[in-house]
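Here is the structure we will look at.
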Amino acid sequence: MAEKRKNIESILQKLGIDKLNPMQESAHKAILSNAETVLLSPTGTGKTLAFLLPILAGLNTKIDGIQVLILVPSRELAIQIEQVTREMGSGFKTNAVYGGRAGSKDKIDLKHSPTILIGTPGRVADHIRRENFSTKNISTLVLDEFDKSLEVGFEREMKEIISALLTVKKKILTSATQKVEIPGFMRLRNPVQLDFLGEKQTQLTLKIVESPTQNKLETLVNLLGHIGDASGIVFCNLKDTIHIVSDFMENKGISHACFYGGLEQIDRERALIKFRNGTYKILLATDLAARGIDVPAMDFIIHYELPARKDEFIHRNGRTARMQSSGTAYILKWKNESLPGFIVGAEMEKIKPSNQPTQSLWKTLYISGGRKDKISKGDIAGLFFKQGALQKDELGTIELKQDCAFVAVPNSKANGLISKLNNSRLKKKKVRISLLN
């Protein structure tokens, strides 16, 4: 038991986490000692770590092939869980498969079977049909954000996958909402349910900002100036609205990233990378960003347009005031617009035309080498400190991928660093370094 605790402490240290929160502690115990666990906990409370820790503890080093299948409703969530699993340094091969990713890449990853496979229902079902991996050793099944994975659009694929899993002994379902009934084809007998939905101690402030005109663009810019030097998400309902808002902000010289379903996967990933590392402080997004994406807790969110449903409103708000921190959700409304009944306790906020929001001090550099080249974050940091002559506080977030890496550096030094470091050698690989546009 002491050794297991030591392993947990070692993983938490790698992730920069002091200790597990009460939900994670409860989930850890429940998952280790029960065949079926349903975990309900708000967005941003650390459910991924809550199920990964006990799963890693139960893996068998003597078994080849996939032992754990984690099904998720979106590409972003698949990528996020893959990243967290690798950062935990378990030593077990982990891969993610999802729509929008080249099938040839999947085949290469699946040729040498991972121990943990993460994927979206459509892509996983397709690989099972094609017999691209064996299901015979899969003993643990996770449905993360199961309310989305079990929606009607995924039902056929989910039934197909579940019926192909004949050796599953442990099932873990997680969600940030109680709204979906678990269907019979999941074959749950007597699950232990952990419900933390009512226990989120956050200080979320709801504020209403009125626009004098139906076109709320000028009011949005004034609000961003009023908020000042902070990072947050501006939520729109449609990608067409995002285009309109983005063009207006571009004309005002306000840098930002866009994130919605119609974007190419690589553009979505890079928008999140630049938002995470502070190159962009504002993310314009649809409800795709309301959950299942890996972004840090932020100071505010803005409802440029309100969602139709209460649960989506709650999920959007869950992007701020996370894990017992404070945050503000602004509702931008035309003065003649009626608000839906699910908005309660919001206070009016008066704003004046003000300065534009503070622009970011960071730029993102792309490096053409990654994990498969045996390159580590330490190698990259060493290059930028020694040859790039950066001070410690001048090196921002480093994100390491399989075949590349991304580094945040001061705006004023980006071009000089490219000139100095392009074609440098990292481990045995000569890498290209360029500005990520």
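Filter the range 400-437 for residues that are surrounded by 15 or more Cβ atoms within 10 Å (Cβ to Cβ), under 22 Å from the mean Cα position of the chain (by Cα) and of a type in the set (D, E, K, R) and give the result. Listed by number, the list holds a single entry, LYS401. Being surrounded by 14 or more Cβ atoms within 10 Å (Cβ to Cβ) and modelled with pLDDT of 90 or more is the filter here, so list the residues in the range 189-204 that pass it. Within the range 189-204, PRO191, VAL192, LEU194 qualify. Scanning the range 307-331 for residues that are farther than 12 Å from LEU206 by Cβ and surrounded by 13 or more Cβ atoms within 10 Å (Cβ to Cβ) gives PRO307, ARG309, LYS310, ASP311, GLU312, HIS315, GLY318, ARG319, ARG322, MET323, SER325, SER326. The strands (runs of 3 or more DSSP E) found entirely in the range 348-437 that carry 2 or more residues being within 24 Å of LEU283 (Cα to Cα) and modelled with pLDDT under 95 are 398-400.
When you look at LEU339, is it of a type outside the set (Val, Ile, Thr) and either in contact with a strand residue (DSSP E or B) (Cβ under 6 Å, 6 or more places away or on another chain) or surrounded by 17 or more Cβ atoms within 10 Å (Cβ to Cβ) (or both), yes or no? Considered against the rule, which asks whether it is of a type outside the set (Val, Ile, Thr) and either in contact with a strand residue (DSSP E or B) (Cβ under 6 Å, 6 or more places away or on another chain) or surrounded by 17 or more Cβ atoms within 10 Å (Cβ to Cβ) (or both), LEU339 comes out as no. Only one of the listed residues (GLN214, GLN265) is over 21 Å from PRO340 (Cα atoms) and in the same structural domain as ILE343 (by TED's automatic domain parsing). That residue is GLN265.
Quick grid of which residues meet (1) hydrophobic (A, V, I, L, M, F, W, C); (2) free of Cβ contacts under 8 Å to residues at least 40 places away in the same chain:
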residue: LEU69; (1), (2): yes, no
residue: VAL72; (1), (2): yes, no
residue: ALA78; (1), (2): yes, no
residue: ILE81; (1), (2): yes, no
residue: ARG86; (1), (2): no, no
residue: ARG101; (1), (2): no, no
residue: SER104; (1), (2): no, yes
residue: ILE116; (1), (2): yes, no
residue: SER139; (1), (2): no, no
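Listed by first and then second residue, the pairs linking a residue in the range 41-53 that is in the same structural domain as LYS179 (by TED's automatic domain parsing) to a residue that is at pLDDT 90 or above and among the basic types (Lys, Arg), with Cβ atoms under 8 Å apart and 6 or more places separating them unless they lie on different chains, are SER41/LYS47.
Restricted to the range 115-140, and to residues there that are among the β-branched types (Val, Ile, Thr) and in a helix (DSSP H, G or I), the residue that is surrounded by the fewest Cβ atoms within 10 Å (Cβ to Cβ) is ILE128.
Among the strands (runs of 3 or more DSSP E) contained in the range 1-112, which hold 1 or more residues that are over 21 Å from the mean Cα position of the chain (by Cα) and at negative phi?
It comes to 36-40.
Against the list (1) touching a residue at least 60 places away in the same chain (Cβ under 8 Å); (2) acidic (Asp, Glu); (3) surrounded by 13 or more Cβ atoms within 10 Å (Cβ to Cβ), the condition GLU394 fails is (1). Taking the range 141-188 as the range and being surrounded by fewer than 20 Cβ atoms within 10 Å (Cβ to Cβ) and among the basic types (Lys, Arg) as the test, the residues that pass are ARG156, LYS159, LYS169, LYS170, LYS179, ARG187. Determine, yes or no, whether LYS171 is farther than 23 Å from ASN317 by Cα and more than 26 Å from the chain's Cα centre (by Cα). So LYS171 does not fit the description; no.
The values are calculated or read from the model by the stated rules, or taken from the named source; none is laboratory data. Bear in mind the structure is a predicted one, so any value in this text is a computation, not a measurement. Virtual Cβ from ideal backbone geometry, glycine too; neighbours counted across all protein chains shown.
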